[in-house]
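Heads up: the structure comes next, in structure tokens.
The values are calculated or read from the model by the stated rules, or taken from the named source; none is laboratory data. Quantities reported herein were computed from a predicted structural model and do not represent experimental measurements. Counting neighbours? That spans all protein chains shown, and the Cβs are built from the backbone with ideal geometry, glycine included. These area figures cover heavy atoms from the full protein model, side chains too; ligands, DNA and RNA do not enter into them. Shrake-Rupley method; radii C 1.70, N 1.55, O 1.52, S 1.80 Å.
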Amino acid sequence: MSRPRSQAEYLARLVPPSVAGINRRSLLAGAAGTGALLGTGLLAGCGDDDSGSGGSSKDVTLGSNQSDPKPKDVLAKVTDGFKTSSGVQVATNTVDHNTFQENINNYLQGKPDDVFTWFAGYRMRFFAQKGLASDISDVWGKLSGYSEAFKKASTGDDGKQYFVPATYYPWAVFYRKSVWQQHGYQVPTTLDQFTALGAQMKKDGLTPIAFADKDGWPAMGTFDILNLRINGYQFHVDLMAGKEAWTSDKVKKVFDTWAGLLPLHQPDSLGRTWQEAAQSLQQKKSGMYLLGLFVGQQFSNDEQDDLDFFTFPEIDPAIGAKALDAPIDGYMMARKPKNEDNARKLLEYFGGKAAADINLKNDPAVLVANSGADVGGYTALQKKAAELVGSATEIAQFLDRDTRPDFASTVMIPAIQQFIKNPKDIDGLTSSIENQKKSIFTD
């Protein structure tokens, strides 16, 4: 399935009334010409069935957003491991990652797969609260190797568990050690040093900061880290929860700081995917890239040792640089799975040591949530990433996971992209966000 052809189609796909509420009609006015919202079961009709559709009653179905080659291959190995240990076949319905996210509401209200890939944080709790996912507290009773932090991240507002964590990854500023050694660059610890480094990279013929936002979500990471550094963790999560005003001077300072950094970013970002931006770092054309650990998927095995990172530098000494985004990926169960017994068995397997070991062995771009896994196989980069997350004082889940899905997708994606196009009208931008936020969060 292709990406939406227009904003109207995009909105129509994204916000069915039963999830978004009738007060969202004003935001959907532009979608009126598209007719009825797209049908249910949308994702199931547009993916690649990696393990065969239909099948025997013993089969369990898995809806997956792991569409990039590396994570798709790793997931196939994990489900093969489940089949070997249980005798149960997993029919995997793989859908383009962004399409999966854009259509998740319709998907869960239609005929979803028994188990589906998703994220911890607000977005998990949102679908649990809406009754679109099943309570899997009994599965958690059989799991071991998880800290209380991971259990909390898997728990809904009602105190029950709805999510099994599998992998996580920090966001940081990545670079190639060989490039930095060639030019004598030093890791910046303040924003002034970071800006000066970017200016020097320009002089040296490099694009200082690789940047892409064609798919709408990557630039959210830049907003997150600037807000965490300027205003602190609590303000950030309260802003995401609709408790703080987007028209506040604190938010305007975030966008103003970002505007000052944009000249250091790779131009024409709205026409570039994160993979293409990562390739500019891999090809030594860019000096830095703020992204998740998964950036390593764009590097060959013999280049992994040349990849390094640092946490985004301090802006306000009173706040420091200890907070970061470290999203958790994992699995949930549909509200009415066709094969509930095997769905629960699959979730238990996903949460166990065997699945974690398969992830570790095959993907150097993630960290595993289960502490019982054999982390002796971590690369130097993975070890450093685990230490970074372990030393963080506060951990956010990423903008589009820490807020309502309709707010992230229908408001923040176009708002941030508009800011990238025109960073001068910050007052108009923040006023527009605030007005739309009020409509959404009062539903």
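Descriptive notes on the structure:
- Between Thr190 and Asn422, the C-beta separation translates, for a Förster distance of 35 Å, into a calculated FRET efficiency of about 0.80.
- Of the peptides 94-103, 132-141, the ranking by mean beta-carbon count within 10 Å, highest at the top, reads 94-103, 132-141.
- Estimated vicinal HN-Hα couplings, Hz - region 290-299 in sequence order (Karplus 6.51, -1.76, 1.60; Gly, Pro = x): 7, 7, x, 4, 5, 3, x, 5, 8, 10
- For region 60-170, alpha-carbon Rg relative to the globular expectation (2.2 N^0.38 Å, N residues): 1.08
- In terms of accessible area, using a 1.4 Å probe and ignoring ligands and nucleic acids, Ser178, Ser269 rank largest first as Ser178, Ser269.
- The length gained on full extension between Asp73 and Thr379, counted as 0.36 nm times the residue separation minus their Cα-Cα distance, comes to 108.2 nm.
- Protection-proxy order for peptides 83-89, 209-215, each taking the mean of Cβ atoms within 10 Å per residue, highest first: 209-215, 83-89
- Stretched out straight at 0.36 nm per residue, the stretch from Gln129 to Asp158 would grow longer than its current Cα-Cα span by 9.6 nm.
- In the full protein context, the chain carries 40 Å² of accessible surface per residue, based on a 1.4 Å probe and ignoring ligands, DNA and RNA.
- Square roots of five times the Cα gyration tensor eigenvalues for the chain, Å: 33, 28, 20
- Cβ-defined net charge surrounding Asp402, 11 Å radius [Lys, Arg +1; Asp, Glu -1]: 0
- Listed peptides 261-268, 418-425, 338-345 by packing density, highest first (mean Cβ within 10 Å): 338-345, 261-268, 418-425
- Computed from the Cβ-Cβ distance with R0 of 56 Å, the FRET efficiency linking Ser144 to Gln283 stands at 0.85.
- Cross-link pairs Lys151/Lys322; Lys77/Lys243; Lys130/Lys383; Lys202/Lys250; Lys284/Lys383; Lys77/Lys151 - those with Cα-Cα distance over 32 Å: Lys77/Lys243; Lys130/Lys383
- The portion of the accessible surface of the chain made up by carbon and sulfur, rounded to a whole percent, is 48 (1.4 Å probe; DNA, RNA and ligands excluded).
- Selected from Gly81, Val60, Val179, residue furthest toward positive end of dipole (the chain; charges at beta carbon): Val60
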